[in-house]
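Step one of this worksheet: look at the structure below.
The values are calculated or read from the model by the stated rules, or taken from the named source; none is laboratory data. It should be emphasised that the depicted structure is a prediction, and the values quoted were computed from it without experimental measurement. Note: ideal-geometry Cβ built from the backbone for every residue, glycine included; neighbour counts use all protein chains shown. Note: areas computed on protein heavy atoms with side chains; ligands, DNA, RNA excluded. Shrake-Rupley method; radii C 1.70, N 1.55, O 1.52, S 1.80 Å.
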Amino acid sequence: MKKLLLPLMVIAAMFACSSPETKTADASTSSDPHSGTFSSQDEKSAKVKELLEAYMKNDSSKIYEYYVDTVQIYDQMAANQEGGKTKANPGGRAGFAANERMNHDFYSNIKVTTDNIMTLKFANGEEHTGVWCVWTGKGKFTNKEVSAPLHLAFIWQGDKIVREYRFFDPTTLYEEVAASQKK
């Protein structure tokens with residue numbers, strides 16, 4: 001009986017491998033507007049990686065290249081909530097670029113992991129690039145090594161970013177800013 005079992009398992013495995021794959025849902029024909037496809041090797045994911053690499057070098061040129069002038073940046077900073085919703089930070093692209101450069105006033109050796117970037121192309125035509133990473137740096141005023149999880153979501157219209165959502169714990173940033181104000 002044991003001698004029969006092994007050949008039967010091999011035959012079953014061969015049949016399973018040669019059977020055509022069936023899919024239960026195809027994103028291109030789905031009526032769900034939130035279905036779609038994703039890729040980490042597309043042009044938009046590559047652009048976001050360029051943005052992060054430029055940020056680490058304190059270079060805001062990619063912000064001016066990839067964002068619209070009126071970009072809306074959403075995060076939990078500065079008590080910028082109203083009616084239970086976060087409002088866009090003021091300043092558009094120029095304000096955002098200045099804010100990103102300011103991080104280097106408070107931290108040295110800023111690094112962001114870039115190995116988890118993915119663009120989602122939804123059935124309704126929207127394109128979002130998500131980043132799940134870790135931000136690290138050394139406080140210039142506290143001398144503390146900081147490591148924090150960071151999630152970014154970039155919303156595209158054509159080849160430009162029109163909105164960005166940033167999710168992180170700002171506690172260590174607040175501490176560094178406070179330390180910079182002590183004399």
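Computed values, structure above
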{"quantity": "With eigenvalues of the C-alpha gyration tensor scaled by 5 and rooted, region 65-145, Å", "calculated": "26, 19, 14"}
{"quantity": "Amide N proximity, region 37-79 versus Lys160 label position 7 Å along Cα-to-Cβ, cut-off under 18 Å", "calculated": "44, 47-48, 51, 61-74"}
{"quantity": "Accessible-area ranking of Trp156, Trp132, largest first, probe 1.4 Å", "calculated": "Trp132, Trp156"}
{"quantity": "Charge sum, other residues only, whose C-beta stays under 9 Å from Val68's C-beta, Lys/Arg counted +1 and Asp/Glu -1", "calculated": "+1"}
{"quantity": "Flagged links, alpha-carbon separation over 29 Å, of Lys47/Lys111; Lys85/Lys138; Lys44/Lys140; Lys49/Lys144; Lys85/Lys160; Lys62/Lys182", "calculated": "Lys85/Lys138; Lys44/Lys140; Lys62/Lys182"}
{"quantity": "Förster radius 35 Å - calculated FRET efficiency between Asn58 and Thr37, Cβ distance, rounded to 0.05", "calculated": "0.50"}
